[in-house]
Amino acid sequence: MTPLIHSIWLLPKTEDETLLAEVVTELSRRFDTPLFAPHLTVKGDTDLPIAALEAAIAEAAGAVARFAEEITAIETSETYFRSFYARFAVSAPLARLKQRLDAQAAEAFMPHVSLLYGAVAPELKVAAAEEVGRRLKGRAISFDRLCVVRSGQDIPIADWRMIATARLG
């Protein structure tokens, strides 16, 4: 039997989530790419039991207050799940969450919220990144909850589902 795979996401507060979802929708329509909920992955593709993940997000959420982070850049790459994204600095609250929830990957942590998944010609993404950057770079995004999500690289995006949520602070 294949183990269930989950991730832990940090989610923006409702207003910022709506703003980022509008950008995801715009880019999805423009480039015919998948729709997904905007999120910052703190721990990806884990087969830990749901009960352990729920306990972990409850503990971490209780230790870190809601916070806002400024988008430092809009960047692109050739990586499917990081094709086009809003980049954040590794601030103290983000570092604390990463350390509590995925300590073994803390050094490689690159906090970001993806805005587009998929293969798109680099020159098309660069132009779109400049447009989106004018709108979002320097904007503070507030984060207020952690969630356990049935998601992973081998799970179709349309099948991703939130399982549990814990409010920060």
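The values are calculated or read from the model by the stated rules, or taken from the named source; none is laboratory data. Everything numeric in this text was worked out from a predicted model, so none of it was measured. Backbone-built Cβ (ideal geometry, glycine too); neighbour counts: all protein chains shown. Side chains are part of the model used for accessible areas, which takes the heavy atoms of the whole protein and leaves out ligands, DNA and RNA. Shrake-Rupley method; radii C 1.70, N 1.55, O 1.52, S 1.80 Å.
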Query raised in the report: So which of 145, 100 is of a type outside the set (Asp, Glu), open to solvent by 10 Å² or more (accessible area, probe 1.4 Å) and not in a helix (DSSP H, G or I)?
Result: 145
Requested in this report: Kindly indicate the residue of the stretch 30-51 that is free of Cβ contacts under 8 Å to residues at least 40 places away in the same chain and farther than 17 Å from residue 105 by Cβ and also surrounded by the most Cβ atoms within 10 Å (Cβ to Cβ) among those meeting that condition.
Outcome: 49
Report task. Considering only the stretch 148-162, state which residues are touching a Leu at 6+ places or on another chain (Cβ under 8 Å) and part of a strand (DSSP E or B). Result -> 148, 150
Report task. Would you be able to say whether some residue in the stretch 53-67 is of a type outside the set (Gly, Ala, Ser), modelled with pLDDT under 95, assigned to a helix (DSSP H, G or I) and farther than 18 Å from residue 92 by Cα? Result -> no
Requested in this report: Test residue 79 against the criterion of being among the β-branched types (Val, Ile, Thr), modelled with pLDDT under 95 and more than 20 Å from residue 165 (Cβ to Cβ), and give yes or no.
Outcome: yes
Report task. Mind counting the residues in the stretch 126-137 that are free of Cβ contacts under 8 Å to residues at least 60 places away in the same chain and either touching a Phe, Trp or Tyr at 6+ places or on another chain (Cβ under 9 Å) or buried (at least 20 other Cβ atoms within 10 Å of the Cβ) (or both)? Result -> 1
Report task. Would you check if residue 107 is modelled with pLDDT under 95, assigned to a helix (DSSP H, G or I), surrounded by fewer than 18 Cβ atoms within 10 Å (Cβ to Cβ) and not aliphatic (A, V, I, L, M)? Result -> yes
Requested in this report: For the stretch 119-126, indicate whether the set of residues that are over 14 Å from residue 12 (Cα atoms), at pLDDT 95 or above and outside any strand (DSSP E or B) is non-empty.
Outcome: no
Requested in this report: For residue 22, indicate whether it is in contact with a strand residue (DSSP E or B) (Cβ under 9 Å, 6 or more places away or on another chain) and either surrounded by fewer than 17 Cβ atoms within 10 Å (Cβ to Cβ) or in a strand (DSSP E or B) (or both).
Outcome: no
Requested in this report: Please tell me if residue 150 is of a type in the set (D, E, K, R), surrounded by 14 or more Cβ atoms within 10 Å (Cβ to Cβ) and farther than 18 Å from residue 54 by Cβ.
Outcome: no
